[in-house]
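Okay, so here's the structure we're looking at.
The values are calculated or read from the model by the stated rules, or taken from the named source; none is laboratory data. What you see is a predicted model; the values in this text were computed from it and never measured. All Cβ positions, even for glycine, are placed from backbone atoms using ideal geometry, and neighbour counts span all protein chains on display. Accessible surface is based on the protein model in full, side chains and every heavy atom, while ligands, DNA and RNA are left aside. Shrake-Rupley method; radii C 1.70, N 1.55, O 1.52, S 1.80 Å.
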Amino acid sequence: MHPELKEAVLHGTQEYPFALYRVRGGGHGRSTPPHWHEETELVYVEAGTLHLTIGEESFTGNAGGLFLVNGGQIHSMTFDRSETQYLTILFPTSSLLFLNLDGSRNFLLPLSEHKTGFVPVLTGTQVYDVVREDIFRLMELHIRKPTAYQLGVKACLLDIVCRLYAGEMTVKRARKPEDATCREILTYLQDHFSTEVSLGAAAQRFHMSEKYFSRFFKRTFGLTFVDYVNHLRMERAAELLTTTDLPVTEIGLECGFSSASYFTKRFKARMGLTPRAYRQNRGQG
């Protein structure tokens, strides 16, 4: 799953606005750098250990760990060389609204407008067992796709939201001015990481001095500006290597690396394999 910042990718379709991804580890670690999207995201750790940052909080989830990312929240996920495996379920809460102006809007509308959210850690709470059962059920429906599976998936999602409300898992979401700036920065880098984007150009774009912007970026996202841009380039390169037949040299240039040799050097240092070996192993190396 390639991480987007303000994700341009559509999770699901307009008729079926729901997506389920299973992320598997392997011989090297992987990470999803800070990003955000409108959809609510449920993360269930099936095996290994997953490290998450949601908003300003950091968590570690082991097998059975269950987490929730509210729409619009900046978050990231990393895991080491262990055989980590986890599910992510994404859905826009606005898709659960009904056409009739019934009482459910009092609960669903504040979620879709990001005025209300849910706590990030569901592991160990009173709703954990029932929410996990709903996740397993909607996963089965999503995979088997029996008649009216769309209704079944929506029913599971509504049940999860209902359980979270009933279990008093809600939190008020105050809008902070810096949140919008952070999302704009991430979106800007997603749009420009394949070019010769520089710290100075980014700082100027957001009306900050280069020195202040550098400190602000590291403090906010936990990575230096250069490390973050290289991370985006590497993740995009890995995706292109496993989903296209483009030549390795062309992939490196398209992802913003100045030369094929530099691309190979950086890729091997990050992934533990050369780009060609990574392609042959289909990302399982």
Qualifying residue in region 113-123 (condition: touching a Gly at 6+ places or on another chain (Cβ under 7 Å) and open to solvent by less than 40 Å² (accessible area, probe 1.4 Å)): yes
Scope region 210-221; condition at pLDDT below 90 and open to solvent by 50 Å² or more (accessible area, probe 1.4 Å); matching residues: Arg219, Thr220
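Hey, any hits in region 244-252 for a residue that's touching a residue at least 24 places away in the same chain (Cβ under 8 Å) and under 22 Å from His75 (Cβ atoms)? Walk me through how you get there before you give the answer.
Within region 244-252, the first condition is being touching a residue at least 24 places away in the same chain (Cβ under 8 Å), and the residues that meet it are 248, 251.
Pick out the ones that are also under 22 Å from His75 (Cβ atoms) and you get none.
Checked region 244-252: no residue is touching a residue at least 24 places away in the same chain (Cβ under 8 Å) and under 22 Å from His75 (Cβ atoms).
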Single unsatisfied condition, Asp134 versus (1) touching a helix residue (DSSP H, G or I) at 6+ places or on another chain (Cβ under 8 Å); (2) at pLDDT below 90: (2)
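Just for region 184-205: of the residues that are of a type outside the set (Ser, Thr, Tyr) and surrounded by fewer than 16 Cβ atoms within 10 Å (Cβ to Cβ), which one is nearest to Glu254 (Cα to Cα)? Spell out how you get there, then give the answer.
The initial filter retains those residues of region 184-205 that are of a type outside the set (Ser, Thr, Tyr), namely 184-186, 189-193, 196-197, 199-205.
Within this subset, residues satisfying the condition of being surrounded by fewer than 16 Cβ atoms within 10 Å (Cβ to Cβ) are 184, 191, 196, 200-201, 204-205.
Values: Glu184: 23, Asp191: 13, Glu196: 11, Gly200: 22, Ala201: 20, Gln204: 24, Arg205: 23 Å.
Top of the filtered list is Glu196.
Please determine, by comparing only the residues of region 80-100 that are of a type in the set (A, V, I, L, M) and either within 17 Å of Ala19 (Cα to Cα) or open to solvent by 70 Å² or more (accessible area, probe 1.4 Å) (or both), which one is farthest from the chain's Cα centre (by Cα). Quick ask: steps written out before the conclusion?
From region 80-100, those of a type in the set (A, V, I, L, M) are 87, 89-90, 96-97, 99; that's our starting set.
Keeping just the survivors that are either within 17 Å of Ala19 (Cα to Cα) or open to solvent by 70 Å² or more (accessible area, probe 1.4 Å) (or both) gives 87, 89-90, 96, 99.
On the way: Leu87: 11, Ile89: 10, Leu90: 9, Leu96: 21, Leu99: 29 Å.
Checking each candidate, the answer is Leu99.
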Tally of residues being without any contact (Cβ under 8 Å) to a residue 40 or more places away in the chain, under 30 Å from Pro275 (Cβ atoms) and in a loop (DSSP other than H, G, I, E, B) across region 28-71: 2
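Listed residues Gly117, Gly64; which is in contact with a strand residue (DSSP E or B) (Cβ under 6 Å, 6 or more places away or on another chain) and not polar (S, T, N, Q)?
Details: Gly64 fails: in contact with a strand residue (DSSP E or B) (Cβ under 6 Å, 6 or more places away or on another chain).
Result of the check over Gly117, Gly64: Gly117.
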Pairs with Cβ under 6 Å, 6+ apart, first in region 81-105 and within 30 Å of Leu273 (Cβ to Cβ) and in contact (Cβ under 8 Å) with a residue 40 or more places away in the chain, second open to solvent by 70 Å² or more (accessible area, probe 1.4 Å) and of a type in the set (Lys, Arg): Gln85/Arg24; Leu87/Arg22
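If a residue counts only when it is under 25 Å from Asn106 (Cα atoms) and over 24 Å from the mean Cα position of the chain (by Cα), which helices (runs of 4 or more DSSP H) contained entirely in region 138-205 have at least 2 such residues?
Helices (runs of 4 or more DSSP H) meeting the threshold: 149-166.
Provide a single number: the residues in region 153-183 that are basic (Lys, Arg) and surrounded by 15 or more Cβ atoms within 10 Å (Cβ to Cβ). Steps first, please.
Quick first cut of region 153-183, residues basic (Lys, Arg) only: 154, 163, 172-173, 175-176, 183.
In the following step, the residues that additionally are surrounded by 15 or more Cβ atoms within 10 Å (Cβ to Cβ) were identified as 154, 163, 173, 183.
Summing the residues that are basic (Lys, Arg) and surrounded by 15 or more Cβ atoms within 10 Å (Cβ to Cβ) in region 153-183 gives 4.
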Any chance Ala237 is closer than 30 Å to Arg279 by Cα and aliphatic (A, V, I, L, M): yes
Filtered residues of region 258-271 (kept if closer than 16 Å to Ser194 by Cα and of a type outside the set (S, T, N, Q)): Ala260, Tyr262, Phe263, Arg266, Phe267
Residue list for region 236-257, filter: closer than 15 Å to His192 by Cβ and in a helix (DSSP H, G or I): Arg236, Glu254
